[in-house]
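Take a look at the structure set out below.
The values are calculated or read from the model by the stated rules, or taken from the named source; none is laboratory data. Quantities reported herein were computed from a predicted structural model and do not represent experimental measurements. Virtual Cβ from ideal backbone geometry, glycine too; neighbours counted across all protein chains shown.
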Amino acid sequence: MKIVVVLYNIRSSYNVGNILRTAEFLGIKNVVGVGITPLPPHKEVLKTSLGAEKNLIIERSFSIKNTIEKLKKDGFKIIAVEQSKGSVYYFNFKKKFKKIALVLGNELKGIPKKYLKLCDYILEIPKLGKIKESLNVSNAFAIISSYFVFELGS
């Protein structure tokens, strides 16, 4: 399975670096930073990614809509990681595809509804605790991407 990671307006360079490190660790090769998402050679991204960026193909885009449309045209299924009406718990998602794009959104605002409508599926991680509404974006990425690589990737 080919996986492309799409980072939409991620604010924290440390989150981006951690996502790059996790992607490389899991054998994911392609990352697209959209909007304000910091990318290498940003100092904090490099500090957190610990060299993982050297083994990745990292692209810059300024339009999430154009990015999603291009990926769809290239045969990717677009899967948003977001808490949303109509989302499915990630572990209940059993569909296998040859090419997927995992879209992760801004730490505070997530992925706007108008862009969620462009996605083929929306997955979320269930919550049992009481304090926070969501996980850190890099932690959520680690959980979801591991599921796709190890559970659905074969």
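Condition check ((1) at pLDDT 95 or above; (2) under 19 Å from residue 27 (Cβ atoms)) across all residues:
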site: 57; (1), (2): yes, yes
site: 60; (1), (2): yes, no
site: 64; (1), (2): yes, no
site: 101; (1), (2): yes, yes
site: 127; (1), (2): no, no
site: 134; (1), (2): no, no
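Inclusion of residue 33 among residues that are assigned to a strand (DSSP E or B), farther than 20 Å from residue 97 by Cβ and free of Cβ contacts under 8 Å to residues at least 40 places away in the same chain is warranted.
Within the stretch 86-99, the set of residues being part of a strand (DSSP E or B) and either closer than 23 Å to residue 16 by Cα or modelled with pLDDT under 95 (or both) comprises 99 only. Number of residues in the stretch 136-154 that are modelled with pLDDT of 95 or more, farther than 18 Å from residue 37 by Cβ and small (Gly, Ala, Ser) equals 1. Checking each residue in the stretch 36-85 for being without any contact (Cβ under 8 Å) to a residue 40 or more places away in the chain, assigned to a loop (DSSP other than H, G, I, E, B) and over 14 Å from residue 15 (Cα atoms) picks out 41, 51, 56, 62, 63, 74, 75, 85.
Number of residues in the stretch 137-150 that are over 12 Å from the mean Cα position of the chain (by Cα) and in contact (Cβ under 8 Å) with a residue 12 or more places away in the chain equals 2. Here residue 128 meets each of (1) out of contact with any strand residue (DSSP E or B) (no Cβ under 9 Å at 6 or more places or on another chain); (2) crowded, with 17+ Cβ neighbours inside 10 Å; (3) over 22 Å from residue 13 (Cβ atoms) with one exception, condition (2).
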